[in-house]
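Q: Sharing a structure with you now.
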Amino acid sequence: MSSVKRIYVEKKAPYAVKAGELKDEIESFLGITNIEAVRVLIRYDVEGLKEDTFKKACGYVFGEPPVDVIYESELSLSDREHMFSVEYLPGQYDQRADSAAQCVRFLDEDSDPIIKTAVTYIISGDISDEDIARIRDYVINPVDSRVADNRIPDTLVTEYDEPADVAVISGFCSMSEDELKSLYDSLGLAMTFKDFLHIHNYYTSEEHREPTMTEIRVLDTYWSDHCRHTTFSTELKNVSFDDGYYKEPIETTYQSYLDTKEEMYAGRDDKYVCLMDIALMGMKKLRAAGKLEDMEVSDEINACSVIVPVEMDYGEGKVTEKMKDFMRELEGYRNREIEV
């Protein structure tokens, strides 16, 4: 018999904001209009808690009785209701589960619970399997999530097999360009083949050894992040807007940007339309108007800083020497630049 307890927590109708928003999105974005209702529930699987602690946690941690409905058994669905659950991929950080486990320890400091969560969606109406699949694809981000099994597991304890040794790409340094191209095509990398040739040259000329598959994957990850920044500066030469509900406000906003661009860059021919410029134009306009005098100006483009004055007030109450030392330490940061 499974030692795992499962509960579902659902916002009561007046507070079911996310469910209402999702229904609107499904109808507007996916064009599925024959939906009667959408329900969004948080599913908790819990193991390692005493019965009395679990009961307390239901009302104090997992749900709030004034605004939530808590189901301590499996849900019963009608023929017109379709249910699926979404959970994080193994290895992804589940903040809700971690926070719940920490809060449960306040109820019983000796407990060491294992908690896993998922989001359960119930869609009701005369909906086809194809529509359900489209809704499922819409709400799931495959980068970090997947469809969860609806069965209650026997245990939440995860056992991992001992990983194999890191694979070394044998013969990498001696590969011809055609062989490298074949390897490149098989790996599905974000970098270009020219970038891959540069890495090959590095390991051949400087490292004098074969790279591991992990090294190639890490390099590709950072290369991809770098390219994300360079994409922001790609010149946009042909901008068009598809017909739709948001066409007019988007066009109006874009034209406002172009007008501000002409004003800010009057007499300059080195400035062009790009995502980076669109993102920063509001800030540049505010600074030109004298409303961003507390902004740090530097050559750094990956972060920004503001100067925050910190005022300390010891108050009139009794303050211990230890507290005074702590306050003086904090006061030392007065007018320092705090990176945000």
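The values are calculated or read from the model by the stated rules, or taken from the named source; none is laboratory data. Predicted model, so just to flag it, every value in this text is computed and none were measured. Virtual Cβ from ideal backbone geometry, glycine too; neighbours counted across all protein chains shown. For the accessible areas, the whole protein counts, side chains as well, though only heavy atoms, and no ligand, DNA or RNA atoms are used. Shrake-Rupley method; radii C 1.70, N 1.55, O 1.52, S 1.80 Å.
Q: Among (1) under 30 Å from Val168 (Cβ atoms); (2) at pLDDT 90 or above; (3) assigned to a helix (DSSP H, G or I); (4) in contact with a helix residue (DSSP H, G or I) (Cβ under 8 Å, 6 or more places away or on another chain), there is one condition Ser205 misses while meeting the rest; what is its number?
A: (4)
Q: Identify the residue in the range 61-84 that is of a type in the set (S, T, N, Q) and over 13 Å from Ile7 (Cβ atoms) and, among all such residues, is least open to solvent (accessible area, probe 1.4 Å).
A: Ser78
Q: Still on this structure: Quick check on Glu251: is it in contact (Cβ under 8 Å) with a residue 40 or more places away in the chain, of a type outside the set (S, T, N, Q) and either open to solvent by 70 Å² or more (accessible area, probe 1.4 Å) or part of a loop (DSSP other than H, G, I, E, B) (or both)?
A: No.
Q: Here is a list: Asp45, Asp108. Which entry is open to solvent by less than 40 Å² (accessible area, probe 1.4 Å) and modelled with pLDDT of 95 or more?
A: Asp45 is the lone residue from the list that is open to solvent by less than 40 Å² (accessible area, probe 1.4 Å) and modelled with pLDDT of 95 or more.
Q: Look at Ala100 and say whether it is among the hydrophobic types (A, V, I, L, M, F, W, C), over 18 Å from Pro153 (Cβ atoms), open to solvent by less than 50 Å² (accessible area, probe 1.4 Å) and not in a strand (DSSP E or B).
A: No.
Q: On to the next question. Could you list, in sequence order, all residues of the range 266-290 that are over 14 Å from Leu236 (Cβ atoms) and either touching a helix residue (DSSP H, G or I) at 6+ places or on another chain (Cβ under 9 Å) or in a helix (DSSP H, G or I) (or both)?
A: Leu280, Gly282, Met283, Lys284, Lys285, Leu286, Arg287, Ala288
Yes/no matrix, rows are residues, columns are (1) among the basic types (Lys, Arg); (2) open to solvent by 60 Å² or more (accessible area, probe 1.4 Å); (3) in a loop (DSSP other than H, G, I, E, B):
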{"residue": "Arg136", "(1), (2), (3)": "yes, yes, no"}
{"residue": "Val147", "(1), (2), (3)": "no, yes, no"}
{"residue": "Glu162", "(1), (2), (3)": "no, yes, yes"}
{"residue": "Cys173", "(1), (2), (3)": "no, no, no"}
{"residue": "Glu179", "(1), (2), (3)": "no, yes, no"}
{"residue": "Leu183", "(1), (2), (3)": "no, no, no"}
{"residue": "Phe196", "(1), (2), (3)": "no, no, no"}
{"residue": "His200", "(1), (2), (3)": "no, no, no"}
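Q: List pairs: first residue in the range 178-189 and within 17 Å of Asn201 (Cβ to Cβ), second residue open to solvent by 80 Å² or more (accessible area, probe 1.4 Å) and part of a helix (DSSP H, G or I) anywhere in the structure, Cβ distance under 9 angstrom, at least six positions apart or on different chains.
A: Listed pairs, sorted by first residue: Leu189/Arg217.
Q: Within the range 5-22, work out how many residues are open to solvent by less than 30 Å² (accessible area, probe 1.4 Å) and assigned to a strand (DSSP E or B).
A: Result for the range 5-22: 5.
Q: Contact list please: Cβ distance under 6 Å, first residue in the range 1-23 and of a type in the set (Ser, Thr, Tyr), second residue open to solvent by less than 60 Å² (accessible area, probe 1.4 Å), pairs at least six apart or on different chains.
A: Pairs found: Ser3/Glu47; Tyr8/Leu41; Tyr8/Arg43; Tyr15/Val67.
Q: If you don't mind, there's one more thing I want to ask. Within the range 85-94, can one find any residue that is over 20 Å from Lys18 (Cα atoms) and among the aromatic types (Phe, Trp, Tyr)?
A: Yes, there is a match, as at least one residue in the range 85-94 is over 20 Å from Lys18 (Cα atoms) and among the aromatic types (Phe, Trp, Tyr).
Q: Can you name every residue in the range 85-95 that is over 16 Å from Glu47 (Cβ atoms) and surrounded by 15 or more Cβ atoms within 10 Å (Cβ to Cβ)?
A: Those that are over 16 Å from Glu47 (Cβ atoms) and surrounded by 15 or more Cβ atoms within 10 Å (Cβ to Cβ): Ser85, Val86, Tyr88.
Q: What are the residues in the range 254-288 that are open to solvent by less than 80 Å² (accessible area, probe 1.4 Å), hydrophobic (A, V, I, L, M, F, W, C) and under 27 Å from the mean Cα position of the chain (by Cα), if any?
A: Cys274, Met276, Ile278, Ala279, Leu280, Met281, Met283
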